């Protein structure tokens with residue numbers, strides 16, 4: 001697949017209208033006001049029911065803007081062209097506070113394959129409510145120019161375009177791939193830097209990478225989950241790809257469990273750092289294809305504590321840092337000989353234990369071939385079950401693995 | 001904007017700035033932020049309702065609205081405006097419908113140093129996921145700061161290409177799922193049950209993990225850094241009154257084995273001996289939890305040998321029932337506070353003295369007995385209640401020290417004279433007999449035997465008590481030596 005973006009579609013044709021300064025100004029003012037209100041309403045549509053009263057003032061503004069333009073120009077057309085919004089053919093200059101909202105609207109429209117919204121008559125409020133309905137987290141599966149065929153608009157029309165959908169998809173796929181690549185490369189470089197005696201973990205950069213991963217998971221969960229299919233031959237890069245895959249699986253799992261954005265971020269961060277302790281283990285041990293000698297076994301068994309050490313030496317004691325350290329240790333408790341009762345394990349550690357085991361089992365290692373998804377699942381639910389929270393394993397297998405299997409390339 | 005409107009917005013934003021500055025000045029009091037922020041909420045809601053959105057620009061040390069400075073942070077570079085600016089936040093937009101919990105979450109996100117915050121305002125605001133408060137931030141290119149960025153970028157591109165290949169295979173049916181958000185698998189109750197997110201519990205487990213790293217000899221060159229982290233955790237636990245977690249963490253240190261355990265314990269001991277921390281431990285020991293008293297015992301047990309003065313100083317503010325614990329710990333470190341410890345034995349409440357005496361090592365008994373003798377011979381001793389007097393005599397007996405025996409012998413031999421003193425004198429003679437019996441040494445036996453002979457002119461009760469004590473002591477000695485009684 002080519003990584004280059006397709007050429008951007010040309011701006012929509014401009015109808016012949018009296019192009020006075022006043023017209024342009026009015027279009028900009030009304031267009032911006034309408035667009036801003038629409039953005040706000042559509043953003044809130046993720047959180048509130050489309051019938052909620054919270055939308056009333058916003059929809060009043062949208063309706064008023066559409067009426068203003070209809071009365072002066074006889075039409076209302078909002079088009080998405082490239083990265084810009086055009087109202088009645090004129091690109092709208094966005095104010096700083098509207099830019100992020102407009103970007104979100106652009107993404108939402110592209111995800112639904114909508115290239116524009118138009119009306120040639122005064123739209124009733126019900127149409128605007130139905131427009132909101134399309135932007136719920138679970139939108140209707142099919143759209144036509146009158147919106148949801150089950151509840152069509154009376155006046156408003158959608159401009160549907162595969163180009164809008166596909167260009168958005170290309171853009172998002174590129175972003176997804178870049179975020180994943182950054183995560184995996186980040187871990188590899190961090191391990192390398194630790195080997196060379198780096199003073200501290202680059203936590204802030206990791207935080208930004210995981211923010212991107214969490215956002216992308218929400219906007220395209222299936223493609224996001226498919227990232228966990230990436231495998232590399234070179235053992236040198238294994239730890240980075242493994243950590244990124246664990247992050248993908250863990251963020252997906254956390255999202256399905258309904259954890260908050262903060263907690264999904266915590267889990268993603270813990271996943272990225274869960275094997276940094278490998279930096280303290282000689283490469284000869286990590287790349288060995290046969291059985292490990294006693295010294296090698298001891299080193300591998302020490303790795304969870306070494307990961308915790310690498311995280312804890314930074315001296316941070318806030319919740320997220322402690323969670324990272326504990327998850328790195330607790331997700332591998334099977335490696336650490338326990339003398340007393342088994343330590344109680346936090347949720348991040350329990351999630352990581354499952355996700356990291358699934359990724360490790362489905363990856364070829366110098367000392368064994370990769371297991372199939374089915375075999376990996378069987379091993380996790382039988383001989384390795386003692387390692388996991390049984391309830392969580394069931395949910396993981398029943399939900400995440402099932403979705404993961406749905407991303408399998410068609411034969 | 002009309003002058004009146006502008007004044008309204010300026011007033012609201014200035015009030016918000018002041019409230020945020022107050023919240024930021026006390027990062028540990030997130031629960032108190034509500035009362036600080038509430039007065040600023042009304043005006044902010046009013047302007048947001050009136051104008052739809054209000055966007056304020058962030059500058060180092062100030063907030064600006066439509067080009068005009070509406071709030072200047074008195075703390076300058078240390079204030080929240082500068083912090084937001086440093087972290088990359090350039091503007092904040094408040095929308096209609098801001099509620100207090102949202103404003104609290106916003107304050108928590110921008111307050112540096114809170115335990116729920118990682119210290120990066122942009123990241124924290126992103127995590128807070130606020131609906132009515134949004135920020136714009138400069139997109140830092142942190143990747144370019146990443147060392148070896150050229151090779152890093154190249155690796156990113158190679159891995160991104162593999163990722164594109166993996167994603168490309170997601171077929172149309174599967175991609176439809178991209179547009180749906182199925183309901184979460186867990187309910188609110190299940191979240192609370194499975195993910196309680198208690199910092200105390202997390203910190204307790206982390207403290208034990210650090211102890212494990214050190215014990216397994218895996219700390220390497222990070223030993224000092226791990227000690228510091230452990231110290232931070234313990235300090236934070238104390239601030240947050242996580243008594244149970246503290247007890248577990250300190251027990252872990254006390255039980256730690258391995259080559260580096262003594263060095264680690266020595267660090268923790270120094271940390272715990274800081275007067276402010278010790279005072280905090282004394283306060284925590286009064287917490288209404290089962291393990292509160294245990295905390296003070298384990299805390300003081302870990303202190304270094306020179307912590308005697310700090311322990312005795314901590315007694316000034318300690319509740320009466322905790323003073324004995326501190327006195328006992330000071331007794332074990334009396335080498336570092338000989339004069340103050342002697343003073344304690346002369347002046348402190350009797351239960352405290354008894355605890356100190358109980359904890360004394362053998363080589364400290366003579367000095368301690370001297371102090372107690374001084375107390376008993378001082379004129380103020382006449383006012384001691386009978387039970388205190390009895391306890392002090394018993395303590396002297398238990399210590400089996402030469403100065404103690406000499407005093408007891410003297411008291412037994414020379415009863416106080418005078419009509420009114422006779423009764424008390426006989427009482428003290430009986431106490432001395434009991435104490436000497438408790439001493440149990442040959443010297444004590446000799447003193448008791450002489451008193452029992454009746455040649456000293458003691459009253460009948462004293463002689464009888466002495467005889468009984470001699471009998472008891474001889475019996476005990478015979479048993480010890482294996483002779484039939």
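So which residues in region B:228-248 are crowded, with 23+ Cβ neighbours inside 10 Å and over 11 Å from the mean Cα position of the chain (by Cα), if there are any at all?
B:229, B:230
Go through the residues of region A:375-393 one by one and say whether even a single one is crowded, with 21+ Cβ neighbours inside 10 Å and touching a residue at least 60 places away in the same chain (Cβ under 8 Å).
no
Determine whether residue A:312 is crowded, with 19+ Cβ neighbours inside 10 Å, over 22 Å from residue B:120 (Cα atoms) and at the interface with chain B (Cβ under 7 Å from one of its Cβ atoms).
Numbers: crowded, with 19+ Cβ neighbours inside 10 Å: yes; over 22 Å from residue B:120 (Cα atoms): no; at the interface with chain B (Cβ under 7 Å from one of its Cβ atoms): yes.
Answer is no for this residue.
For residue B:477, state whether it is assigned by TED's automatic domain parsing to the domain that holds residue B:394, in contact (Cβ under 8 Å) with a residue 12 or more places away in the chain and more than 22 Å from residue B:414 (Cβ to Cβ). I'd like the intermediate steps shown before the answer.
Numbers: assigned by TED's automatic domain parsing to the domain that holds residue B:394: yes; in contact (Cβ under 8 Å) with a residue 12 or more places away in the chain: yes; more than 22 Å from residue B:414 (Cβ to Cβ): yes.
Yes.
What's the total number of residues in region A:61-103 that are over 25 Å from residue A:170 (Cβ atoms), away from chain B (no Cβ under 11 Å) and part of a helix (DSSP H, G or I)?
Matching residues across region A:61-103 total 12.
Condition (residue is over 17 Å from the mean Cα position of the chain (by Cα), more than 23 Å from residue A:113 (Cα to Cα) and at the interface with chain B (Cβ under 8 Å from one of its Cβ atoms)) applied to region A:175-187: is it met by at least one residue?
Of all residues in region A:175-187, those over 17 Å from the mean Cα position of the chain (by Cα) come to A:185-187.
Those left that are additionally more than 23 Å from residue A:113 (Cα to Cα): A:185-187.
Going one step further and asking which of them are at the interface with chain B (Cβ under 8 Å from one of its Cβ atoms), we end up with A:185-186.
Checked against the condition, which is being over 17 Å from the mean Cα position of the chain (by Cα), more than 23 Å from residue A:113 (Cα to Cα) and at the interface with chain B (Cβ under 8 Å from one of its Cβ atoms), region A:175-187 yields at least one hit.
When you check residue A:332 against the structure, is it surrounded by 15 or more Cβ atoms within 10 Å (Cβ to Cβ), at pLDDT below 90 and within 19 Å of residue A:268 (Cα to Cα), yes or no?
Numbers: surrounded by 15 or more Cβ atoms within 10 Å (Cβ to Cβ): yes; at pLDDT below 90: yes; within 19 Å of residue A:268 (Cα to Cα): yes.
Yes.
Is it the case that some residue within region A:135-154 is facing chain B (nearest Cβ under 9 Å), surrounded by fewer than 19 Cβ atoms within 10 Å (Cβ to Cβ), over 27 Å from residue A:84 (Cβ atoms) and under 20 Å from the mean Cα position of the chain (by Cα)?
yes
Anything in region B:174-187 that is more than 7 Å from chain A (Cβ to nearest Cβ) and at pLDDT 90 or above? List them, or say none.
Of the residues in region B:174-187, the ones more than 7 Å from chain A (Cβ to nearest Cβ) are B:182-183, B:187.
Of everything in region B:174-187, just one residue is more than 7 Å from chain A (Cβ to nearest Cβ) and at pLDDT 90 or above, namely B:187.
Are any residues in region B:316-343 assigned to a helix (DSSP H, G or I) and surrounded by fewer than 19 Cβ atoms within 10 Å (Cβ to Cβ), and if so, which ones?
To start, the set of residues in region B:316-343 that are assigned to a helix (DSSP H, G or I) comprises B:316-317, B:320-331, B:334-336, B:338-343.
B:316, B:317, B:320, B:321, B:335, B:336, B:338, B:339, B:340, B:342, B:343 - these are the residues of region B:316-343 that are assigned to a helix (DSSP H, G or I) and surrounded by fewer than 19 Cβ atoms within 10 Å (Cβ to Cβ).
Anything in region B:113-152 that is at the interface with another protein chain (Cβ under 8 Å from one of its Cβ atoms), surrounded by 16 or more Cβ atoms within 10 Å (Cβ to Cβ) and modelled with pLDDT of 80 or more? List them, or say none.
Selection gives B:120, B:123, B:126, B:127, B:128, B:134, B:136, B:152.
Check A:206, A:228, A:200 and return the single one that is surrounded by fewer than 19 Cβ atoms within 10 Å (Cβ to Cβ) and within 10 Å of another protein chain (Cβ to nearest Cβ).
Working: A:206 fails: surrounded by fewer than 19 Cβ atoms within 10 Å (Cβ to Cβ); A:228 fails: surrounded by fewer than 19 Cβ atoms within 10 Å (Cβ to Cβ).
That would be A:200, the only listed residue that is surrounded by fewer than 19 Cβ atoms within 10 Å (Cβ to Cβ) and within 10 Å of another protein chain (Cβ to nearest Cβ).
Please verify whether region A:232-252 includes one or more residues that are farther than 14 Å from residue A:355 by Cβ, surrounded by 24 or more Cβ atoms within 10 Å (Cβ to Cβ), in the same structural domain as residue A:352 (by TED's automatic domain parsing) and touching a helix residue (DSSP H, G or I) at 6+ places or on another chain (Cβ under 7 Å).
yes
Within region A:160-172, does at least one residue satisfy the condition of being at pLDDT 85 or above, buried (at least 19 other Cβ atoms within 10 Å of the Cβ) and either over 30 Å from residue A:315 (Cβ atoms) or more than 11 Å from every other protein chain (Cβ to nearest Cβ) (or both)?
Scanning region A:160-172 turns up no residue that is at pLDDT 85 or above, buried (at least 19 other Cβ atoms within 10 Å of the Cβ) and either over 30 Å from residue A:315 (Cβ atoms) or more than 11 Å from every other protein chain (Cβ to nearest Cβ) (or both).
The values are calculated or read from the model by the stated rules, or taken from the named source; none is laboratory data. Everything numeric in this text was worked out from a predicted model, so none of it was measured. Quick reminder, even Gly has a Cβ in these numbers, built from the backbone with ideal geometry, and neighbours come from all protein chains shown.
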